[in-house]
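One structure is given here, and the rest of the page talks about it.
The values are calculated or read from the model by the stated rules, or taken from the named source; none is laboratory data. Because the structure is predicted, anything quoted here is derived from the model rather than measured. For neighbour counting, all protein chains shown are included, and Cβ atoms are generated from backbone atoms with ideal geometry for every residue, glycine included.
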Amino acid sequence: MSRLTRKDERNFYKSLTKNEKVAIVKALKTNKPWDYNNKDIKTVKDKIKKFHLERTRNRCCYCNSSLIDRNIESDREHIIPKSINKNLSYNIFNLSVSCKRCNMAYKKDDISHIIEPKNIIRKLRESDNYNIPHPNIDNYEEHIGYFYLCVDKSELLIYRPFSAKGKRLYEMFSLQTLEINTLFRAQGAYMPLEIEEIQAFLFRGFF
């Protein structure tokens, strides 16, 4: 994922109709802007999802799992939870796309990935204020490696953190659970050292 630039943001907001922009303003005046419901807000949310799916190449911004053909299982993700700052509810820089596993089971309203929660707005665009790779600031591949293998309809996911941010992402979203689950499905059993052995083999000489 590449850095989301100010130009990218301007182009997105230019793509919104006048009615959609008015709907956002009205939504932000309510206590729960994301729950505001009318046809224009619906199209705004559709555009947000489409915009970020293109940026992430149809993958979850956290676990990197494919979101193709998983429309019901994907969410528009608020990096800083909307419950923490409602004014960021429709801020395209604070949004991305994730799978429901990462969004609902692990992220929720957790703000442990933010270094200085009291300076959320001032440091919104600063990579150093996040201890996981920020989907709109950091290059995912620089922090964590991802290997996907599909053989005879069985899939195997393997991750390898390269940085402190990558390690924190691996822990926060329990990516080892994904590795174990896919390994279990692929061969019907799990042995504690197998994940590490596969990681070492797959990533040796590549990173």
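Can you find, within segment 64-87, the residue that is surrounded by the most Cβ atoms within 10 Å (Cβ to Cβ) among those that are of a type in the set (S, T, N, Q) and assigned to a loop (DSSP other than H, G, I, E, B)?
Applying the filter and picking the extreme gives Asn64.
Would you mind listing the helices (runs of 4 or more DSSP H) fully within segment 130-192 where at least 1 residues are more than 29 Å from Ile115 (Cα to Cα) and at pLDDT below 95?
Of the helices (runs of 4 or more DSSP H) lying wholly inside segment 130-192, those with at least 1 residues that are more than 29 Å from Ile115 (Cα to Cα) and at pLDDT below 95 span 175-187.
Does segment 113-126 hold any residues that are of a type outside the set (A, V, I, L, M, F, W, C) and surrounded by 13 or more Cβ atoms within 10 Å (Cβ to Cβ), and which are they?
If the condition is that a residue be of a type outside the set (A, V, I, L, M, F, W, C) and surrounded by 13 or more Cβ atoms within 10 Å (Cβ to Cβ), then His113, Pro117, Lys123, Arg125, Glu126 are the ones that fit.
Within segment 23-34, is even one residue small (Gly, Ala, Ser), surrounded by 13 or more Cβ atoms within 10 Å (Cβ to Cβ) and in contact (Cβ under 8 Å) with a residue 40 or more places away in the chain?
Yes, segment 23-34 has at least one match.
Is it fair to say Leu4 is under 26 Å from Cys102 (Cβ atoms) and in contact (Cβ under 8 Å) with a residue 24 or more places away in the chain?
When the stated conditions are applied, Leu4 passes them.
Could you check, for segment 51-71, whether at least one of its residues is over 24 Å from Leu149 (Cα atoms) and without any contact (Cβ under 8 Å) to a residue 24 or more places away in the chain?
Within segment 51-71 (the criterion being over 24 Å from Leu149 (Cα atoms) and without any contact (Cβ under 8 Å) to a residue 24 or more places away in the chain), the answer is no, since none of the residues qualifies.
As an exercise: evaluate Trp34 against (1) touching a Cys at 6+ places or on another chain (Cβ under 6 Å); (2) over 18 Å from Asn139 (Cβ atoms); (3) not basic (Lys, Arg) and give the number of the one condition it does not meet.
Checking Trp34 against (1) touching a Cys at 6+ places or on another chain (Cβ under 6 Å); (2) over 18 Å from Asn139 (Cβ atoms); (3) not basic (Lys, Arg), the one that fails is (1).
From the list Tyr106, Tyr90, pick out the single residue that is surrounded by 13 or more Cβ atoms within 10 Å (Cβ to Cβ), of a type in the set (Phe, Trp, Tyr) and not in a loop (DSSP other than H, G, I, E, B).
After ruling out the rest, the residue left standing is Tyr106.
If I filter segment 69-105 down to residues being out of contact with any Leu (no Cβ under 9 Å at 6 or more places or on another chain) and β-branched (Val, Ile, Thr), which single residue comes out as modelled with the highest pLDDT?
Among them, the one singled out is Ile84.
Suppose we keep only residues that are in a helix (DSSP H, G or I) and under 25 Å from the mean Cα position of the chain (by Cα) within segment 11-22. Which one would you say is surrounded by the most Cβ atoms within 10 Å (Cβ to Cβ)?
Glu20
Can you work out which of the residues in segment 42-63 that are of a type outside the set (D, E, K, R) and over 26 Å from His143 (Cβ atoms) is surrounded by the fewest Cβ atoms within 10 Å (Cβ to Cβ)?
Among residues in segment 42-63 that are of a type outside the set (D, E, K, R) and over 26 Å from His143 (Cβ atoms), the one surrounded by the fewest Cβ atoms within 10 Å (Cβ to Cβ) is Thr43.
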